[in-house]
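*Asks:* Before I ask anything, here is the structure I am working with.
The values are calculated or read from the model by the stated rules, or taken from the named source; none is laboratory data. Since the model is a prediction, treat every value here as computed from it, not as a measurement. Methodologically, a virtual Cβ is constructed for each residue, glycine included, from the backbone with ideal geometry; neighbour enumeration extends over all protein chains shown. Ligands, DNA and RNA are excluded from the accessible area calculation, which covers all protein heavy atoms including side chains. Shrake-Rupley method; radii C 1.70, N 1.55, O 1.52, S 1.80 Å.
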Amino acid sequence: MWSRIILSVVLVGLAAGLLMGLIQHVRLTPLILEAETFEHVAHGHGADAHSHGDHVWSPAEGLERTFYTTMTAMLTAIGFALVLAGFSFVTNLPVTGSNGWLWGLCGFFAVSFAPAIGLPPELPGMPAAELNARVFWWMSCIGLTVMGLYLLHRSFSDVRALVPALVVLGMPHILFTPPKAVVEASQVPAHLAAQFVTASLGANLVMWIVIGVGLGYASKKFESVFEK
């Protein structure tokens, strides 16, 4: 039974990641490539931009870049699907065919939307805070948002959990403010950055909904721990 459960979760993640990769190829990659042209202008052209450092490998444009981007999206979606299924098991809250979309929506809110309030998706060439500080805040925001959503669910049966839920949901944005970006001039147009944020959040929303609905379908098709 466990092998079928894991297989179904992996297949759901592959499907969601493949769709995410397609959206990235159509909507996100063109925006990234356009932003990279501004980045190259800001740092100098061609060889001058890389003459003072070691060459850093990056996939070639076209099929190779699309392949690696899609593979990364599929592995990421598999990981998210496993986490969502594991959370369902630990909390004894089943993912079903009727509430799978809601699970996906909560996953999107916790992992993509809430962190984007403080640290929106960034294009190449945009000012950014120090990496370790961003990762710490991102992980803290996700953890607190998941806890807040769980308390919010509990508040439907126990209204006393409502206030703690709202407090925990607001903590990353009020008490633990996101790290400040390094102040430097950016050549990336504001409208391009706004398009990238919107497209990124839209792509992640689709991926999470597919994960939630897919897990709900899997729980309906197989007898699994999702339906304890």
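*Asks:* What number comes out for the charge environment of Pro30, summing +1 per Lys or Arg and -1 per Asp or Glu over other residues with Cβ under 13 Å away?
*Replies:* Result for the neighbourhood of Pro30: -1.
*Asks:* Then there's this: Per residue, how much accessible surface does the stretch 93-200 expose to a 1.4 Å probe? Answer in Å², no decimals.
*Replies:* Per-residue value: 57 Å².
*Asks:* Calculate how steeply helix 162-174 sits against the longest principal axis of the alpha-carbon atoms of the chain, using the helix alpha-carbon long axis, and give the answer as 0 to 90 degrees to the nearest 10.
*Replies:* That helix lies at roughly 10 degrees to the long axis.
*Asks:* If exposed means no more than 15 neighbouring beta carbons inside 10 Å and the site is in a DSSP loop, what's the longest run of the chain without any exposed chymotrypsin sites (Phe, Trp or Tyr not before Pro)?
*Replies:* Longest run free of exposed loop sites: 58-155.
*Asks:* Could you work out how far helix 131-154 tilts from the main Cα principal axis of the chain, as a 0 to 90 degree angle to the nearest 10?
*Replies:* 20 degrees
*Asks:* Sorting Cys106, Cys141 by accessible area (1.4 Å probe), largest first, what list results?
*Replies:* Cys106, Cys141
*Asks:* With each label point set 7 Å from Cα along the Cα-Cβ vector, what nm distance links His191 and Arg160?
*Replies:* Output for this residue pair reads 5.5 nm.
*Asks:* List, in order, the whole-Hz ³J(HN,Hα) value for each residue of the stretch 93-104 obtained from phi through the Karplus relation with A = 6.51, B = -1.76, C = 1.60 and θ = phi - 60°; use x for Gly and Pro.
*Replies:* 10, x, 8, 10, x, 8, 10, x, 4, 5, 4, x
*Asks:* Count neighbours as other Cβ atoms within 10 Å of each site's Cβ, and list the trypsin sites (Lys or Arg not before Pro) in the stretch 127-218 that are DSSP loop with at most 11 such neighbours.
*Replies:* Those that pass, being in a loop and sparsely packed, are Lys180.
*Asks:* Related question: Considering only the other residues whose Cβ falls under 15 Å of the Cβ of Leu152, what net charge follows from Lys and Arg at +1 and Asp and Glu at -1?
*Replies:* Combined, the nearby Lys, Arg, Asp and Glu give +1.
*Asks:* Give the relative contact order (percent, whole number) for the chain; include only Cα pairs under 8 Å separated by 6+ residues.
*Replies:* Reported relative contact order: 38 percent.
*Asks:* Let me ask something else about it. Might you work out the accessible area of Glu122 for me, using a 1.4 Å probe with all protein chains in place, and round it to the nearest 10 Å²?
*Replies:* My reading of the accessible area for Glu122 is about 60 Å².
*Asks:* Run the accessible area of the chain with a 1.4 Å probe and give the carbon-and-sulfur part as a rounded percent.
*Replies:* After summing per-atom areas, the C and S share lands at 70 percent.
*Asks:* Still on this structure, I have one more. What ratio of Cα Rg to 2.2 N^0.38 Å holds for the chain?
*Replies:* Taking N as the residue count of the chain, the ratio is 1.15.
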